[in-house]
Every structure is written in C-alpha cells, then in structure tokens.
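The values are calculated or read from the model by the stated rules, or taken from the named source; none is laboratory data. For clarity, every value in this text was computed on a predicted model and none was experimentally measured. Virtual Cβ from ideal backbone geometry, glycine too; neighbours counted across all protein chains shown. These accessible areas exclude ligands, DNA and RNA; they are computed on the full protein's heavy atoms, side chains included. Shrake-Rupley method; radii C 1.70, N 1.55, O 1.52, S 1.80 Å.
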Amino acid sequence: MIRPECNACRAFTDLSGVWRIAFDEDGTTDWSHGIPAESALAIAVPGSWNEQLAEAGFMNFCGAGWLETEVFLPALAPGRALSLHFGSVDYYGEVWLDGEHLGASSAPMLPFAVAVPPHFATGRRARLIVRVDAQLHPDEATQGITQATYAEERRPRDEYLPAVRFDFFPYGGINRPVLLAETPAQGLTGWRATSDLAGVTLAVEASAGAMIRATLSDDAGATLTTAPLAEGRAALRLDPPAPRLWSPDSPHLYRLDIDVLDTGGAVIDAGSQPIGLRTFAIDGARFLLNGEPITLKGFGKHEESPLHGRGLNLPQLVKDFHLLKWIGANSVRTSHYPYSEEFLDLADRFGVLVIDEVFSINLDFRRTTAATLAWHKRAVSELIARDASRTCVIAWSLANEPGYLAEPTYREASAPYWRALFAHARSLDPTRPMTHANVGYAGNDDPAFAEADFIGMNRYHGWYSNPGQIGAAVEALRRDLDAVAVHGKPVMLLEFGADALAGQHATYDQLFTEEYQERLIAAYWAEIERHPAVQGGHVWNFADFRTAQHGRRVVHNLKGVFTRTREPKMAAWALRRLWGAA
C-alpha cells in the first residue's frame, strides 16, 4: 500500500471534519445505508469518541459506532482510479458507499485502503459510512476481553472499566486521517528503500510501465539512475558523490523520487519519500549507529491527548518532538502499537531513533491458538510493509509483556510461538534487529530471548516491588541485568519509572512525589551507565496518560515526566541534566 501524496500523477482530498455518529449498543443494527437523523451525534474525525461524547454516555463504550459523512467523487479520466485510505480505525473498520460494501480493515491500528468502484466516480456526491468496532477479538495478537468474562479471564483485583488487558485507555473511533486518493489505475504498487553509509538500495514494484527512474536529491544536487522493469520489478542503486549521513545530531534527509516511465519515456506514475543515509547494527553487546557506539536514551510514549483521545493531534505531536530534543532524548519505542505516519515523519525530521512495536500486549499463552499466531504474523507483516523504508526505524519489537500472569506453561508453550514469529519477521526484513519487551513475571530466562537480537526488559523495582526502597530496587535491578547478560546480547531497559502527582512533594522517599520519581529514575540511569551489557534505557513514560478505571489509577497513569498537558515534573529537569542537554 502506497501512502497517498500529491504530485503530477497522484492527488488526495482530506476528509477530516465533523462527521455524524450513532452507536449500536446491542450489536444488531445495520446502518450501512445511512444513520437516522434522530440517532446521530456530531463527532470530529480524526478523533476518538470517548472524551468527545462523554456527556452523551459513551466515555467507556467499546462496542460498534457507525460514522457517516458526504464525499464528492470526481469524474475520472480513462486510466484513473479512486480509493479511500484510512490511517487507522480502532480497532476494526468496515466501509460502505451509498450502501455498497467496499471492504474492511485488517490489522488493528494500521492503515488500510478500499477501492472506489468506477461507477461511483461520475462527479457526484455519495454517502460514506464507516462501522467502527472498538472491541478486540479474543484471538487477536492483543487478546480481547469483555466485562462479562472478567471472572474467568482475570483476577478480581485486576478488573478495569472498560475491560482491557492493558494499562492504557481503549479509545474507539477513526483516529487518523481519511483520504480520498486519485491515482493511475496501473502504476506503482510499492517499493522498499534501504540506506547505508554510501547511498540507497531500491526495489520497486509496478503493474505497468517499461522503466523506473529514481532520483536522490538534496540542496547539494541530485543523483539519478534508471532500470528496466522486468516482470513488474526493478532494482536500483543511488550513491551520491559526497554522502551526508543521518543521525540524531544531524538528521540530514534526502528526497527520493521514483518515476514509472512508459516505452516513450513519459512519466505514467510517481512517488516519493524522505530518506537518510545511516546504518544501525549490533556488535557483541554494543549498538552501533553509523559504525559508532550509541547509548539509546528516551521514552515509551502513548498516542493520546485530552479530548482527541488517540486521534491525531498535530500541535501536540510537534510539541512532543521539541520536548524530546529539549530533554536530550535520542529514541522512542512506539509503545504499544504502531504510531501514525505523521509521527514517523517527524522522527525522520528530528533525528529520533524508533523501536517500532507491533500491537501485542500481555499475550496469555493459556489462550493462544493457531489463529492467534496467524493474526500476530499478519500484524507484523503489515507493520513492516508500512515502515520498512523509514530511516528513523532501527528495530522491531514484536510484543510487549507476554506471559500474562506468569502462567506455569509459559516457557513450554511460548518457545515454538516465538521461533515462528521471529522467523516470520526476519523473512520480511533481515536488515533490522528484533526484540520484545520482557516483563519480570516472564522471568530472566524468557524463551523469546533466544530469538531476539537484543534483550528488551521492563522493570519496576522500586514501584510494584520494593516500593519506596530505592536501594533495594537497584539491587534487584542489578540481579536481573546480571542474569540476562549471560545471553551475550545487548540489553535495553525498555520501561522503568514511578508515578508522580505533579505538585506532590516530600523530604523522604514517598511514592507519588516528584522527588521520589526523580530519585528512582536517576538511580536506574546510574545502573544503566554502570552495567557493561546495557546499551540504553527508555523511561516509562514521556507524559501522563489516561487509563481505564482502576483502583490503583487516579484517572491517569502518572509515570510521565511531563504531565498530560506537557508541563515538566522534576524528573524531566533531572533527565535533561543526565542526558547532557542542560
């Protein structure tokens, strides 16, 4: 799937705006031909319905919502086509035009597109209907759960409202832009661009044309090459005469243009992307960026904000990247799902390294089936297909905190699962290292470690264990790090931290105070710097975020070093000093 863009051959219309929505609370209503006026509410798209429509009673609703708008469908010249491109419909979407079913989404929290049949493209308006299902399937890579099945699925103290397996809010809605794209009916179908320190290797696929022309350009000039299409494929190499590298300190980007030429040399289709020249590799227990050792410093984040929910919020996104640079961070994990393409645009531009994570959280191996693995592979396939040409993406994370409840069968049940999943991911992208985020209850001998290229760990000594005891927490962390170092692979602390209620203070080690959060994070960072196997750490979390309702959460998870509205806590200033930005 090619991301919509505007050029001489392609164009799109952004359908963002105020749509109409109605909720199917019992799951039996069919509004594919239109929402009755008496049932309709206004809703901003992109945007989650939860906070927007809380006063109407839908703050905690995780069922089906039907969204509707009108769209103008232009008359098309011969050889042209229309499609509807959805950045993300959470968690599943189905699409109709004037009552005709056009298609459905695939992996949650990733883009999908549906073709608009030619008989619609006559220069007229049509009713666009999208059914959004915010209830995860039970055999998804993040297994769904309902309030009714909590007694079987979870311990009573773990019950959340709405029902989830994870500690963030399950926002429903059309959370990323909807674009009406016009393209050639035949032309580019995809490409993979892989950079190194000298240039770019390019593999292009097209359904029409005789030749591919590729251009790599920046303000110093352009490098151009061509290659014939053979059975719809072409391989090209572009080496600029004086290559400039991409890094967090100097995120230089080239523009890569790809043209499809017919036998007469005319351009019949075109695409483009920014790309930087860089390498990321593992050497023993070290990470190397462009051949030089690098310590990864940064955060786990979430895509969420007040009112927007998980809906794309560009002003906040820009603010976040400026804060990342202000604090001295060089990396982010897309915890715990693929982030928007707009996020990756800014990561490329700001020089932020990204560990790109598939949407798989707290996988319960008592309930995994062949279907679970198939859906997990599909999610990995679609994530890699979308992001493999991104400069900022340095690694793939295939799951977060699997081994739910540390069931005794985890090690035996999970080993073949991980072998199959990691092998599948490597078959799709052999150029990037793979990991997953291990949690303490899965143990320091997690079978996934054997498959991973580096060890990813989430540890909360000093919070969920050893609360208020920083010395004991550091000793427990050191034991964990020593235990996993025997694998001979780099170790990355993907999560660590403590909640802090902004403005709460104490002169002693007291949970929920800003001082305690600052001291615990600083103690962990000292251990990260001390341990030879550890190559970086991501604080959990960048900013406070909304969770489902639970007795241990006061509306939000407060582990952010910034508040939900991006005011710094004491820990943010401390990290700025520790990371050399002050």
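Structure values in brief
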{"read-out": "Accessible area per residue in Å² at 1.4 Å probe, computed on the stretch 298-407", "value": "24"}
{"read-out": "Extension gain (nm, one decimal) between residue 282 and residue 469, 0.36 nm per residue minus Cα-Cα", "value": "63.9 nm"}
{"read-out": "The stretch 316-394, relative contact order in percent, only Cα pairs under 8 angstrom and at least six apart counted", "value": "34"}
{"read-out": "Label-reachable residues, the stretch 558-582, where backbone N falls under 18 Å from a point 7 Å from residue 509's Cα toward its Cβ", "value": "571"}
{"read-out": "Coordinate range along principal axes, alpha carbons of the stretch 71-117, Å, largest first", "value": "35, 21, 15"}
{"read-out": "Percent carbon-and-sulfur accessible area, the chain, ignoring ligands, DNA and RNA, probe 1.4 Å", "value": "54"}
{"read-out": "The stretch 168-241: GluC sites (Glu not before Pro) in DSSP coil with no more than 10 other Cβ atoms inside 10 Å", "value": "231"}
{"read-out": "Inverse mean reciprocal Cα-Cα distance (Kirkwood Rh) of the stretch 186-270, Å", "value": "13.3"}
{"read-out": "The stretch 422-526: relative contact order as a whole-number percent, Cα under 8 Å and 6+ apart", "value": "22"}
{"read-out": "Cα centre as origin, Lys/Arg/Asp/Glu Cβ charges: the stretch 450-502 dipole, Debye", "value": "120"}
{"read-out": "Label point at residue 367 placed 7 Å out along Cα→Cβ; residues across the stretch 107-147 whose backbone nitrogen lies under 11 Å", "value": "136-140, 142-147"}
{"read-out": "R0 of 51 Å, Cβ-Cβ distance residue 26-residue 77: FRET efficiency to nearest 0.05", "value": "0.65"}
{"read-out": "Cα pair distances of the stretch 42-90 binned at 5 Å [whole percent]", "value": "4, 13, 22, 20, 11, 10, 8, 6, 4, 2"}
{"read-out": "Alpha carbon convex hull of the stretch 355-431, volume per residue in cubic angstrom", "value": "82"}
{"read-out": "Alpha carbon convex hull of the stretch 377-536, projected area averaged over orientations, nm²", "value": "10.7"}
{"read-out": "Where N is the number of residues in the stretch 2-108, Cα Rg divided by 2.2 N^0.38 Å", "value": "1.19"}
{"read-out": "Percent RCO, i.e. relative contact order, over the chain, from Cα pairs under 8 Å lying at least 6 residues apart", "value": "12"}
{"read-out": "Phi to ³J(HN,Hα) by Karplus 6.51 cos²θ - 1.76 cosθ + 1.60 over the stretch 71-85, Hz, x for Gly, Pro", "value": "9, 8, 10, x, 5, 9, 6, x, x, 10, 9, 10, 8, 10, 10"}
{"read-out": "Cross-link table 489/569; 325/559; 319/377, entries beyond 23 Å C-alpha to C-alpha", "value": "489/569; 319/377"}
{"read-out": "Within the chain: Cβ-based charge dipole about Cα centre, in debye rounded to nearest 20 (Lys, Arg +1; Asp, Glu -1)", "value": "920"}
{"read-out": "In Å, descending, principal axis extents of the Cα set of the stretch 235-393", "value": "58, 44, 40"}
{"read-out": "Value at 222 nm in deg cm²/dmol, rounded to 500, when DSSP H runs of n ≥ 4 in the chain each add -39,500 (n - 2.57)", "value": "-6000 deg cm²/dmol"}
{"read-out": "Hydrodynamic radius by Kirkwood, which averages 1/r over all alpha carbon pairs of the stretch 316-407, in angstrom", "value": "14.3"}
{"read-out": "Amide H contacts under 5 Å for residue 112, placed H, 5+ residues apart", "value": "86"}
{"read-out": "Fraction of the pair-distance distribution of the stretch 431-484 above 13 Å, Cα-Cα pairs, percent", "value": "60"}
{"read-out": "Gain on full stretching of the segment that runs from residue 210 to residue 549 - 0.36 nm per residue minus C-alpha separation", "value": "116.2 nm"}
{"read-out": "Calculated from backbone phi, Karplus (6.51, -1.76, 1.60) coupling profile of the stretch 243-248 in Hz, x at Gly/Pro", "value": "x, 10, 8, 9, 7, x"}
{"read-out": "In Å, descending, principal axis extents of the Cα set of the stretch 469-516", "value": "42, 19, 9"}
{"read-out": "Alpha carbon centroid spacing (whole Å) that separates the stretch 208-273 from the stretch 488-530", "value": "46"}
{"read-out": "Full-stretch length increase - residue 419, residue 5 - with 0.36 nm per residue and alpha-carbon distance subtracted", "value": "145.3 nm"}
{"read-out": "Separation between Cα centres of the stretch 309-385 and the stretch 531-552, rounded to whole Å", "value": "14"}
{"read-out": "Extreme residue, positive dipole direction of the chain, given options 549, 316, 346 (C-beta unit charges)", "value": "346"}
{"read-out": "Accessible area, probe 1.4 Å, largest first, for residues 368, 507", "value": "507, 368"}
{"read-out": "The stretch 208-218 - phi-based ³J(HN,Hα) in whole Hz, Karplus 6.51/-1.76/1.60, Gly and Pro as x", "value": "7, x, 10, 8, 10, 10, 10, 10, 10, 9, 8"}
